[in-house]
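Reading through the C-alpha cells given below for one structure.
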Amino acid sequence: MNNNKLKSNILSKNNNNTLNENNNTSNNTSNNTSNSTSNSTGNNANNNTNNTSNNNINFNILNENTNNGTNPNSSNENINFNSEYLFNDLIKSISNLFLKEVSTKNKDYRDDLSKNIVKFLTKTDDGSYTLNSFDFNDGESETMHTTTGAISESFEKFVKPLNLGDNDFSAFHVLDICSGFGYNSSALIQEFINNHGECNDSNLSIDMVELSPYKLAIGLLIPSPIESHDLIKKAIENKLIEKNLLSLNLVDFKISDNLDINIFIEDARIAVQNLHSNRYDAIFLDAFSPKLTPELYSLDFFKELYRVIKYDGIIATYTSAIPVRSAFILAGFHVGEGPVFGRNTGGTIASKNPNKITNSLDFDIERMIGLSDIGIPFKDPHLDLDSITIFKNRQQERADARGTYKISSAVKTPIFLDKDIEEGKLKRRVLRNLNAIGIEDTKSKEACYIIAPQNKDSSNFKNNSKDRVIAMSNNLESFLN
Ligand SMILES: C[S@@+](CC[C@H](N)C(=O)[O-])C[C@H]1O[C@@H](n2cnc3c(N)ncnc32)[C@H](O)[C@@H]1O
C-alpha cells in the first residue's frame, strides 16, 4: 500500500461508527502480568477526584474508600502521599474495567473511565499527560515522563536523533522498549509521515514492549496528545482484546498495511531474547531511571540489544547515567551525547557505527567511565535478577574495585589526572585516592600515561569516546600489572 494511503487511512477516522463486539476466544485470560498491582492497597485519600455525580464504575470504587483526604496512618498530606493513592485507585479502576467489559460487553465502563482518567494524571507543560508511577517495592515513585512536556520529550530525545529525513529506506524497523502510553511510537509515526508522506514504498514497523497492561490501558484511555497516537490506541485495543482483557472494538481508526505495530506485554528482558538478530534500525529505551530499574540498563541486556540492532542502527535513551554509558561501551556500542530536553543533562545515543555519533562524550565523563568504580555497569548474567539484587551486587563490586583495580570515583578523582590542582583539602583527597592505587601524583608519569589516549590526535580517536575509554581502561590495567 502506498504511503499516501497510509496518510489518509491512518490519520482519518473510520466512517463505520458501529461498535463491533468482539467474539475473541483467546485462551489467554491473565490480567495479572504486571507487577504494578502487587502492592496496591486500593485505598483512596483524595476527595478531589470523585466529584462526579454520574454513577460510573471507577468512581464507585473511589467512593468506597474515601476518608476525607487524610491518611489513616499519617498526618502528612503531601503530594506524594496523594499521588500514591491516586495511582492505586487508577490501577484498581482499570482492573475493574478489564473485568466488567469482558463479562458484560457494555461500553459504558470504558467510556466512564476515559472521561475521568485525567483526574488521576498530571498535565505536563505541553498539555500531554503523565502518571506518577508507584511500581517499586520500596515505595519510591517516578513520573513516567518529564513534566516539561511528555510528548515533546518523545520528539526531542527519541525521534529527532534518528534523523529520519536523512534516511532512504523501504522499511524501517523500530523496537520501542518500555512503550508505556505509546508516546514515543506515536511521535515516530508522526515524524515518519512528515518525512515520507510522498514516498510510495516506505513501510514502518514498530515492536512495542511493555510489562504492564495497565500502562497500555492508560495509553488507550488518555486524550491523544497528537493525531498519530490514535493509531497506537487502536493497536493497544487490539492487543488487550487478544489477551481477553477487553472485548469491544471502540477505537475508530484503521491501521494501514504499510504500518505494522506489534505489542509484546512482557518483561523486555524476556522479549528481547526472542527477537531476530540484526533487525532494528532504531531502539527506544525508555525505562524508569537506572536507580529504580537497573535490570533494563545492564551490560547483559545491552548485549542483547547489540545482537538485535543493525550496524547503522541507533539507540536513544533519555538517561546520561555513567553506568549506563559504560554498559553500552562494554557491550560494544559507540556512545555520544543525546539532545538535552526537560532535564539538566542530555540523553545518550548509542550505535555500532561510530559515524552515527555526532557529539562524543565530555573527556571528564570518559575518565569516570573508563577509570573509576562508578563505571562498573549493572550486571544480570541470565537476565533474571531482581532490581535490588542487581543494585546490591554492583555496590559490592564497586567497593571491591575502589583502590584495587579502579580509581575511586570520590571527588571525581580521575578528572584530575595530568592536571595541576591547588593545595588544600581537595588535593589531599585526590592524592589519597590516587596513592591507594599506586599513582604518586596528578602530574606523575603514570598519571599521564593512563589518560594519554585523550591527548592523541589520530583519526582513530577523533569523536570516538568508546575507543578512548577502552584505551584508558587498558592503560590503567597494564599499569597495575
Ligand atoms: C518511563 S515509562 C515509559 C514511558 C513510555 N515510553 C511512553 O511513551 O509513555 C517506563 C515504562 O516501563 C515499563 N516497564 C518497567 N519494567 C519493565 C520491564 N522489565 N519490561 C518492560 N517494560 C517495563 C513500565 O510499566 C513503564 O510503563
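The values are calculated or read from the model by the stated rules, or taken from the named source; none is laboratory data. These numbers come from a predicted model, not from an experiment. Cβ: placed from backbone, ideal geometry, glycine included. Neighbour counts: every protein chain shown.
Within region 154-195, being within 10 Å of the ligand (Cβ to nearest atom), within 15 Å of TYR280 (Cβ to Cβ) and assigned to a helix (DSSP H, G or I) holds for PHE158, ASN184, SER185.
The criterion of being touching a residue at least 40 places away in the same chain (Cβ under 8 Å), in a loop (DSSP other than H, G, I, E, B), farther than 25 Å from SER83 by Cα and assigned by TED's automatic domain parsing to the domain that holds THR317 holds for ILE226. Please tell me if ASP300 is among the acidic types (Asp, Glu), touching a Pro at 6+ places or on another chain (Cβ under 7 Å) and modelled with pLDDT of 95 or more. Yes, satisfied. A residue that is on the phi > 0 side of the Ramachandran plot and touching a Cys at 6+ places or on another chain (Cβ under 9 Å) occurs nowhere in region 434-441.
Within region 233-246, can you find the residues that are closer than 20 Å to THR130 by Cβ and out of contact with any strand residue (DSSP E or B) (no Cβ under 7 Å at 6 or more places or on another chain)? Please lay out each step first, then the result.
So the first thing to find is which residues in region 233-246 are closer than 20 Å to THR130 by Cβ, and the list is 233, 236.
Matches in region 233-246: LYS233 only.
In region 428-458, which residues are among the basic types (Lys, Arg) and not in a loop (DSSP other than H, G, I, E, B)? The answer is ARG428, ARG429, ARG432, LYS445.
Here LEU220 fulfils each of the conditions (1) part of a helix (DSSP H, G or I); (2) within 13 Å of the ligand (Cβ to nearest atom); (3) closer than 27 Å to PHE301 by Cα apart from (3). Of all residues in region 390-409, those satisfying the criterion of being surrounded by 14 or more Cβ atoms within 10 Å (Cβ to Cβ) and polar (S, T, N, Q) are ASN393, SER408, SER409. Among the conditions (1) touching a Lys or Arg at 6+ places or on another chain (Cβ under 8 Å); (2) more than 21 Å from GLN454 (Cβ to Cβ); (3) assigned by TED's automatic domain parsing to the domain that holds ARG468, ASP400 misses just one, which is (1). For region 240-268, a tally of residues being part of a strand (DSSP E or B), more than 13 Å from the ligand (Cβ to nearest atom) and within 22 Å of ASN203 (Cβ to Cβ) returns 4.
Within region 241-273, if we keep just the residues that are of a type in the set (D, E, K, R) and either under 23 Å from PRO294 (Cα atoms) or touching a helix residue (DSSP H, G or I) at 6+ places or on another chain (Cβ under 9 Å) (or both), the residue that is surrounded by the fewest Cβ atoms within 10 Å (Cβ to Cβ) turns out to be ASP257.
Look at region 379-418 and say how many of its residues are in a helix (DSSP H, G or I), closer than 10 Å to GLU295 by Cα and touching a residue at least 40 places away in the same chain (Cβ under 8 Å).
Start the filter on region 379-418 by keeping residues that are in a helix (DSSP H, G or I), which leaves 387-401, 410-416.
Still in the list and also closer than 10 Å to GLU295 by Cα: 387-391.
With the extra rule that they be touching a residue at least 40 places away in the same chain (Cβ under 8 Å), the set shrinks to 387-388, 390-391.
The qualifying residues number 4.
When you scan region 214-222, do you find a residue that is in contact (Cβ under 8 Å) with a residue 24 or more places away in the chain and surrounded by fewer than 22 Cβ atoms within 10 Å (Cβ to Cβ), even just one?
Restricting attention to region 214-222, the residues satisfying the condition of being in contact (Cβ under 8 Å) with a residue 24 or more places away in the chain are 214-222.
When the remaining residues are screened for being surrounded by fewer than 22 Cβ atoms within 10 Å (Cβ to Cβ), the result is none.
Looking through region 214-222, none of the residues is in contact (Cβ under 8 Å) with a residue 24 or more places away in the chain and surrounded by fewer than 22 Cβ atoms within 10 Å (Cβ to Cβ).
Is it the case that ALA271 is in a loop (DSSP other than H, G, I, E, B), within 28 Å of ASN163 (Cα to Cα) and near the ligand (Cβ under 10 Å from one of its atoms)? For ALA271, the condition - in a loop (DSSP other than H, G, I, E, B), within 28 Å of ASN163 (Cα to Cα) and near the ligand (Cβ under 10 Å from one of its atoms) - is not met. VAL118 - would you say it is touching a residue at least 12 places away in the same chain (Cβ under 8 Å) and buried (at least 22 other Cβ atoms within 10 Å of the Cβ)? Spelling it out, it is not the case that VAL118 is touching a residue at least 12 places away in the same chain (Cβ under 8 Å) and buried (at least 22 other Cβ atoms within 10 Å of the Cβ). In the set (1) assigned by TED's automatic domain parsing to the domain that holds PHE172; (2) under 19 Å from the mean Cα position of the chain (by Cα), LYS352 fails one condition alone, (2). Picking from residues in region 293-320 that are within 15 Å of LEU385 (Cα to Cα) and near the ligand (Cβ under 9 Å from one of its atoms), the one that is surrounded by the fewest Cβ atoms within 10 Å (Cβ to Cβ) is THR293. Number of residues in region 123-153 that are more than 16 Å from PHE288 (Cβ to Cβ) and either within 10 Å of the ligand (Cβ to nearest atom) or outside any loop (DSSP other than H, G, I, E, B) (or both): the value is 5. Mind listing just one residue for me: the one in region 274-290 that is of a type in the set (D, E, K, R) and more than 13 Å from the ligand (Cβ to nearest atom) and, of those, surrounded by the fewest Cβ atoms within 10 Å (Cβ to Cβ)? This residue is ARG279.
LYS215: within 8 Å of the ligand (Cβ to nearest atom), among the basic types (Lys, Arg) and at pLDDT 95 or above, yes or no? Taking the combined requirement at face value, the residue satisfies it. Going through (1) assigned by TED's automatic domain parsing to the domain that holds ILE261; (2) surrounded by fewer than 21 Cβ atoms within 10 Å (Cβ to Cβ); (3) in contact with an Asp or Glu (Cβ under 7 Å, 6 or more places away or on another chain) one by one, SER141 falls short only on (1).
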